[in-house]
Amino acid sequence: MNISAIFQAITDGLLMGGVYGLVAVGLTLIFGVMQIVNFAHGALMMLGMYVTYWAFTLLGINPYVSILASICALFLVGFILQRFFLDPILNAPQHNQLLLTLGIMLVLENLALVLWSPDFRSIKVEWLEQGILLGSVVLNKPRLLAFVFTLAITAVLYYVLKKTELGRAIQAASQEREGAHLVGVNVRHINGIAFGIGAACAGAAGSLIMPFYFVSPGVGHVFLLRAFVVAILGGLGNFGGALVGGLIIGLTESLSALLLPGSLKEMVVYLLFVGILLVRPTGLFGGGRSNG
Amino acid sequence: MAETRTLAKKKKRVVSLAAALLALLAAALLPQVIDSYYLNLLIITAYGIYLAQCWNIMSGLAGQFSFGHATFFGLGAYTSSLLFTKAGLTPWVGMFAGGAVAALMGLFIGFLAFRYQLKGHYFALATLAFAEILRVLALNWRFVGGAMGILIPLGNKPANFQFPETVHYYYVILVMAALITFLVYKLGSSKLGLYLVAIRENEEAAEAMGVNSFKYKLIAVSISAFLTALGGTFYAQFYSYLDPELAFGTAVSVNILTPAIIGGVGTVWGPVVGALVLTPIAELTRGLLSSGISMIVYGLIIIVVIIYLPEGIVGLLQKVWRRRIIFKRRTTVVENKPGVKKGGF
């Protein structure tokens, strides 16, 4: 193994980690506001991938333009899901909430299966084929673009959450549901919007990886578990933590893939997960909730 | 007064026990009148009841929400199958070895999780992670068959947990399901069961009353793990095949816990009712519709039940029953009150 292979693994890992971060940002936002662990998150990401796939295949739309369509569509899906399915069970026991999101996942995945068959599909974008050579490291264009877009999207989201009235309302609802209600925040509405934004993050991440990945109805599982790991690592509910957590997991994964045979790299990620859960369930940077 | 009440209670217990035995007898005689398709359905249903009850002990009674029962299921299935294929040990013995391995794993997970006070979502995610670790390990370990899994050589010696006729598997799993339901029923009124419920309802209060919650939670996890592993052995013997996804996959954990939640978490009859309702629906819709549509129906049923029956089907029945009793009592009290004129002036 030479030095350049290691550098290559580091770059690839960081670039992919950005996307993990974006998926986890959505998950962590939903958890922060509603204390719901959303098992349908991977399925929402899968929907985003299909949006980009069909926009490209049928209409020839640039994948980086169809991100907008995917964000809007998934926001709507998320808002509706929250309003009709999650809102009634916000105060239900955790196992009920979990099984409900699992039910939503089952429905979405199998809907995709019925509509679009179990085939693995991918798109081939010509102007993305050529890699960029940087010293001895090849930068894969779609991965680089995914990373850049991830940063841009999280920056916008950060601005919205910290600087706007809506963002402050979301923060209030996440810190103290009753209190926010008392000072005039329409918590029900805010919950819907927060879930919509979370779903839109998943959708955007789906669109971003479409140019270098494949889509099938069950593809969400791969990212769902990663997203849990990342979100816990960054502290469930901690927004910036999720992005850093994504980079750490991406890096861990690509380096262990370099060093370990087969799919053992996944085990490293899960071991890290268990370790973090036990030692620092509030995440590396705190801010997460420890009482789940 | 107190005597008549205990007498009434005893009578009620005898009646419900008789009803349960009658139902069991009916279930045992059912294969005489149905064909092999429905026999398979019966087996899967009884198997669903068994596993959901296992989950119910740890997550329903003791309130430690497991999202990774595949860990114990897979360990049981793999241990007995490996002992059988590699060492020729009969699965009747191997299943208890598997149970022991799973119970040890349960103790290990429980020790770590409770030592570091993992609760709720965090505990559930940790159990999920352990199942995933074992899945990846089984996938990459050639000795246990890797991705190819384990093919159990066919045979028909009952001494090897392999039967000449399908109906025999049915009797085995029916007895297992009946025994575990009886166990959960007994546990509910035992000291251990009461401790577990106390821990579930309020751990701090239980500790304050002198219940060693750490110890009893570990006991609940290891019992549940041991019994779940026996179910894993049954699966391996019935289907004669096992691979990492079938043993440790997330779908396994989900299938174990769904009937218990739909039926009613922490109740004796919840897992039974849940499996009786869900399994036939899942299997019959799969026969009638394409598999995708049948899973959509399944998912929708889960969603509807969770939203409209948050305490499960048994929870709803109990509520209706209680309301009826209260209503009855209220009317009798009014009737017996002296000096209350009935109607007119």
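The values are calculated or read from the model by the stated rules, or taken from the named source; none is laboratory data. Being a predicted model, the structure only gives us computed values, none of them experimental. For neighbour counting, all protein chains shown are included, and Cβ atoms are generated from backbone atoms with ideal geometry for every residue, glycine included. In case anyone asks, the SASA skips ligands and DNA or RNA and just uses the protein heavy atoms, side chains included. Shrake-Rupley method; radii C 1.70, N 1.55, O 1.52, S 1.80 Å.
Within 10 Å of each Cβ in A:258-266, how many Cβ atoms from other chains are there, averaged over the peptide? Intermediate values should be presented prior to the final figure.
On the way: counts 0, 0, 1, 1, 7, 5, 5, 1, 7.
Neighbouring Cβ atoms belonging to other protein chains average 3 per residue here.
What order do you get for A:55-68, B:246-259 when each peptide is scored by the mean count of other beta carbon atoms within 10 Å, highest first?
B:246-259, A:55-68
Under 5 Å between amide hydrogens, which residues at least 5 positions from residue A:139 or on another chain qualify, with H placed 1.01 Å from N in the peptide plane?
Excluding prolines and chain starts, which carry no amide H, the hits are A:132, A:133, A:134.
What ³J(HN,Hα) values, in whole Hz, does the Karplus curve 6.51 cos²θ - 1.76 cosθ + 1.60 give for region B:315-328 when θ = phi - 60°, with x put for Gly and Pro?
Result, rounded to whole Hz: x, 5, 4, 4, 4, 4, 4, 4, 4, 5, 5, 4, 4, 4.
With a cap of 15 neighbouring Cβ atoms within 10 Å, and only residues DSSP puts in a loop, list the trypsin sites (Lys or Arg not before Pro) found in region A:91-195.
The qualifying sites are A:124.
Which value does Rg/Rh take for region A:23-219 over its C-alpha atoms, Rh per Kirkwood?
1.02
Considering every residue in B:133-142, what mean count of other chain Cβ atoms within 10 Å of its Cβ is obtained?
Going residue by residue through B:133-142 and averaging, the value is 4.
So for chain B, Kirkwood radius off the Cα pairs, Stokes-Einstein at 4 °C and 1.567 mPa s: how many µm² s⁻¹?
Estimated via Stokes-Einstein, D reaches 60 µm²/s.
Please give the helix A:3-34 orientation as an angle from the longest Cα principal axis of chain A, in degrees from 0 to 90, rounded to the nearest 10.
Value to nearest ten degrees: 10.
Send over the per residue convex hull volume for region B:1-147, Cα only, as a whole number of Å³.
Values: hull volume 27.6 nm³, N = 147.
Hull volume normalised by residue count: 188 Å³.
What percent does the relative contact order of chain B come to when contacts are Cα pairs within less than 8 Å and at least six residues apart?
Contact order relative to length: 28 percent.
In terms of the Cα gyration tensor, with a ≥ b ≥ c the square roots of its eigenvalues, is region A:157-283 rounded because a/c is under 1.5, prolate because a/b exceeds b/c, or oblate?
The shape class here is prolate.
When the dipole is taken about the Cα centre of chain B, and only Lys, Arg (+1) and Asp, Glu (-1) are charged at their Cβ, what size is it in debye, to the nearest 20?
1780
Show me, for region A:73-89, the HN-Hα J-couplings you get by feeding each phi into the Karplus relation (A = 6.51, B = -1.76, C = 1.60, θ = phi - 60°), rounded to Hz, glycine and proline as x.
3J(HN,Hα) across region A:73-89, in whole Hz: 4, 6, 4, 4, 4, x, 4, 5, 4, 5, 4, 9, 10, 8, 4, x, 10.
With a/c under 1.5 counting as rounded, go ahead and sort region B:159-241 into rounded, prolate or oblate using the C-alpha gyration tensor (a ≥ b ≥ c being the square roots of the eigenvalues; past the cut-off, prolate if a/b is larger than b/c, else oblate). If you can, show how the numbers build up before the last one.
Working: a/c = 4.72, a/b = 2.72, b/c = 1.73.
Because a/c hits 1.5 or more and a/b exceeds b/c, region B:159-241 counts as prolate.
Below 8 Å, C-alpha to C-alpha, sequence gap of six or more: please give me the relative contact order for region B:156-309 in percent. It would help to have the intermediate numbers written out before the result.
Details: 82 pairs, mean separation 20.4, N = 154.
Reported as a whole number, the value is 13 percent.
For the ranges A:179-186, B:227-234, what's the packing order if you count other beta-carbon atoms within 10 Å of each residue, average per peptide, and put the highest first?
B:227-234, A:179-186
With all protein chains present, how much of the accessible area of region B:40-323 (probe radius 1.4 Å) comes from carbon and sulfur, to the nearest whole percent?
About 68 percent, which is the carbon plus sulfur part of the accessible surface.
Using a 1.4 angstrom probe, figure out how much accessible area chain A has per residue, in square angstrom, rounded to the nearest whole.
Computed with neighbouring chains in place, this is 40 Å² per residue.
Kindly state, as a whole number, the per residue volume in cubic angstrom of the convex hull around the alpha carbon atoms of region B:55-120.
Working: hull volume 4.9 nm³, N = 66.
In region B:55-120, the Cα hull volume divided by residue count equals 75 Å³.
Give me the net charge of residue A:12's neighbourhood, meaning all other residues with Cβ under 13 Å from the Cβ of residue A:12; Lys, Arg count +1, Asp, Glu -1.
+2
In square angstrom, what is the accessible area per residue of region B:179-228 with a 1.4 angstrom probe?
Each residue of region B:179-228 exposes 52 Å² on average to a 1.4 Å probe.
Using alpha carbons only, how many degrees (0 to 90, rounded to 10) separate the axis of helix A:220-234 from the longest principal axis of chain A?
Between helix and principal axis, roughly 70 degrees.
Give the angle, between 0 and 90 degrees and rounded to the nearest 10, that separates the Cα long axis of helix A:265-279 from the longest principal axis of the Cα atoms of chain A.
Approximately 30 degrees, to the nearest 10.
Using only atoms on other chains, find how many Cβ atoms lie within 10 Å of each Cβ of peptide A:105-112 and report the average.
So the per-residue partner count for this stretch is 5.
Report, in listed order, any pair from A:124/A:162; A:162/B:217; B:157/B:186; B:11/B:119; A:265/B:119; B:11/B:215 with a Cα-Cα distance greater than 32 Å.
Among A:124/A:162; A:162/B:217; B:157/B:186; B:11/B:119; A:265/B:119; B:11/B:215, the Cα-Cα distance tops 32 Å for A:124/A:162; A:162/B:217; B:157/B:186; B:11/B:119; B:11/B:215.
In Å², rounded to the nearest 100, what is the total accessible surface buried by chains A and B against each other with a 1.4 Å probe?
Buried area (both sides, nearest 100 Å²): 3700 Å².
At 222 nm, what helix-only mean residue ellipticity would the protein assembly as shown give, in deg cm²/dmol to the nearest 500, using -39500 (n - 2.57) for each DSSP H run of four or more?
-25000 deg cm²/dmol
Carbon-plus-sulfur fraction of the accessible area of region A:105-190, 1.4 Å probe, in percent?
62
With a cap of 16 neighbouring Cβ atoms within 10 Å, and only residues DSSP puts in a loop, list the chymotrypsin sites (Phe, Trp or Tyr not before Pro) found in region A:187-263.
For chymotrypsin sites (Phe, Trp or Tyr not before Pro) across region A:187-263 that sit outside H, G, I, E and B with at most 16 neighbouring Cβ atoms in 10 Å, the list reads A:214.
Any idea which of B:212, A:263, A:134 is furthest toward the positive side of the dipole for the protein assembly as shown, if Lys and Arg beta-carbons carry +1 and Asp and Glu beta-carbons -1?
In the protein assembly as shown, that residue is B:212.
Cα gyration tensor of region B:213-311, axes a ≥ b ≥ c as square roots of the eigenvalues: rounded (a/c below 1.5), prolate (a/b > b/c) or oblate?
Oblate is the answer for region B:213-311, as a/c is 1.5 or above yet b/c matches or exceeds a/b.
Among B:152-158, A:112-118, how do they line up from the highest to the lowest mean number of other beta-carbon atoms within 10 Å?
Sorting B:152-158, A:112-118 by mean packing, highest first, produces A:112-118, B:152-158.
Mean separation of Cα pairs under 8 Å and 6+ residues apart, divided by the residue count of chain A: what relative contact order is that in percent? Don't jump to the answer; show the numbers that get you there.
On the way: 493 pairs, mean separation 109.2, N = 292.
Normalised by residue count, the contact order of chain A is 37 percent.
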